[in-house]
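A quick write-up on the structure given underneath.
The values are calculated or read from the model by the stated rules, or taken from the named source; none is laboratory data. All values reported here derive from a predicted model rather than from experimental measurement. Ideal geometry is used to build each Cβ from the backbone, glycine not excepted, and the neighbour counts take in all protein chains shown. In case anyone asks, the SASA skips ligands and DNA or RNA and just uses the protein heavy atoms, side chains included. Shrake-Rupley method; radii C 1.70, N 1.55, O 1.52, S 1.80 Å.
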Amino acid sequence: MTDASVEALPPYEVGRLAGAVLDSVGSVVVGKRDALELVLAGILAGGHVLLEDLPGLGKTLTARCFAQALGLDFRRLQFTPDLLPADVTGSFLYDQRKGDFAFRAGPVFTNMLLADEINRTPPKTQAALLEAMQEKQVSVEGVTYRLDPPFHVLATANPIEYEGTYPLPEAQLDRFMLRVSFGYPTQDEEWDVLRRRMSRRQEDAQLPPVVNARTLQAMQGALESVAVEDSIGRYIVALTAATREHASALVGSSPRGSLALLLLARARAAMAGRDYVVPEDVKDVAVPALAHRITLRPEMWLRRVDPSFVVQEVLQNVPAPASGALPTYAGGYAEQ
């Protein structure tokens, strides 16, 4: 959700600024350009991003670097088994001077919240984030507080095989627009990490802001002018529907997955400086947008089948459109 007073930028300007942000973050997070592009696409699409991978692969560093490059207010919340919902949202404390209770805002009141190791805390505390992520508001003691835009959650999660982790509820997984994994770097990339650390002569990397919160909102507003031709829209729906019919899937992606595909494809188009979506934009984001929304049949886990395998098979089996027609929805190019 963007501020109505912020004027949207043209897509070609979004592409230029997005490239500058990625170059800035890429100067610290080495060799992960594809993953960084997905994270930025999620932010531009107004969503929340789940970074799921092994410890030590740069998840926390990525979130901090994006906050710096985007000029956003940033807070980090370490999720632990004893974390309470009030530690996330805030709580009412007694003010002795005023003789009344005053609300003390929690770390969720920020532009970018890093929910570090989100699956190390019990479901009750994980659920405290749900309202903030979906409704952009927080309710405490019957009082509702709005979160100022832009608001994004970048959550990190360790694989569920790790000791002390709780599986994220399906309802919360569905609130994340996409799930991104980094994987291990190559030896050359890992050496580059060490070399840059030595040349920096300090542990922390400080990035100057490339844009600010208001400019980010203007970039997000540009996505509404990115045209989606009818056949591509139907392609998105066909991909999502095919995950529900796949033999390995117990539960396929919800319609929220279709919406995520649409928004992320628009973001990819804008990042490329285009004001229209092509099928490749959809294909590029299909696995990170849909895989975490699929529940496999129990026997598939025994065969080590991953939900991303379902999405990849769906991409192979559902024919991509080749039409150059104009969109028919209101506000598209049909009026021009």
Surface share of carbon and sulfur [accessible, 1.4 angstrom probe, percent] for the chain: 52
Could you calculate the contour length gain from Lys98 to Glu189, that is, 0.36 nm times the residue separation minus the distance between their Cα atoms, to one decimal place in nm? 27.1 nm
At what distance in angstrom do the alpha carbon centres of region 102-136 and region 178-247 lie from each other? 22
Candidates Val311, Val21, Val140; GNM for the chain (alpha-carbon contacts under 10 Å) flags as most fluctuating Val140
Which one of Pro208, Val153, Gly183 is farthest out on the positive end of the charge dipole of the chain, using unit charges on Cβ (Lys, Arg +1; Asp, Glu -1) and the Cα centre as origin? Pro208
GNM flexibility winner over the chain from Arg304, Arg120, Arg266 (Cα, springs under 10 Å): Arg304
Correct semi-axes for region 198-311, from √(5λ) of the alpha-carbon gyration tensor and rounded to whole Å with the largest first, are 32, 24, 11
Whole-Å distance linking the alpha carbon centroid of region 262-284 with that of region 38-87 is 23
Ordering Lys59, Lys283, Lys124 from largest to smallest accessible area (1.4 angstrom probe), what's the sequence? Lys124, Lys283, Lys59
Pull up the cross-link candidates among the lysines for Lys136, meaning alpha carbon to alpha carbon under 21 Å and not fewer than 8 places away within one chain. Lys124
Hey, if you drop one equal point scatterer on each alpha-carbon of region 1-103 and run the Debye formula without solvent, what base-10 log of I(q)/I(0) do you get at q = 0.13, 0.14, 0.22, 0.23 Å⁻¹? -0.66, -0.73, -1.26, -1.33
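Once you keep just the Cα pairs under 8 angstrom separated by 6 or more residues, what percentage relative contact order results for region 1-135? Numbers along the way, then the final one.
Numbers: 134 pairs, mean separation 28.4, N = 135.
Once normalised by length, the contact order is 21 percent.
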Counted charge near Leu22, where neighbours are those whose Cβ lies closer than 12 Å (Asp, Glu -1; Lys, Arg +1): 0
Considering only the chain, percent of DSSP beta bridges that pair antiparallel, nearest 5: 40
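Relative contact order for the chain: what percent, with Cα pairs under 8 Å and sequence separation of 6 or more?
Once normalised by length, the contact order is 24 percent.
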Let's test this: bin the Cα-Cα distances of region 29-187 at 10 Å from zero up to the farthest pair and state each bin's percent. 10, 40, 34, 12, 4, 1, 0
Among Ala128, Ala267, Ala222, determine the one that fluctuates most according to a GNM of the chain built with springs between C-alpha atoms less than 10 Å apart. Ala128
Cα-based reach from Lys59 at 23 Å (exclusive), listing lysines while leaving out same-chain residues under 8 positions away: Lys32
Assuming 1.002 mPa s and 20 °C, estimate D for region 129-266 with Stokes-Einstein, Rh taken as the Kirkwood radius over Cα pairs, in µm²/s. 110
Contact order relative to length for region 126-221, counting C-alpha pairs under 8 Å separated by 6 or more residues, stands in percent at 24
Express in nm, to one decimal, how much length is gained between Asp148 and Glu135 on full extension, taking 0.36 nm for each residue of separation and deducting their alpha carbon distance. 3.5 nm
Starting from one equal scatterer on each C-alpha and no solvent at all, send me the Debye-based log10 I(q)/I(0) for the chain at q = 0.14, 0.15 Å⁻¹, two decimals. -1.21, -1.36
Keeping all protein chains in place, calculate the accessible area per residue for region 183-332 (probe 1.4 angstrom), answer in Å². 54
Dipole of the chain, Cα-centred, from +1 at each Lys and Arg C-beta and -1 at each Asp and Glu C-beta, to the nearest 20 debye? 360
Once you place label points 7 Å from the Cα toward the Cβ at Lys124 and Ser27, how far apart are they in nm? 4.6
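Can you give the extra length, in nm with one decimal, that the chain gains between Arg244 and Ala105 once fully stretched, where that is 0.36 nm per residue apart less the Cα-Cα distance?
46.0 nm
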Just the number, please: Stokes-Einstein D of region 8-47 in µm²/s, Kirkwood Rh from C-alpha pairs, 37 °C, 0.692 mPa s. 310
From largest accessible area down, sort Arg179, Arg293, Arg97, Arg197; use a 1.4 Å probe on the protein chains. Arg97, Arg197, Arg179, Arg293
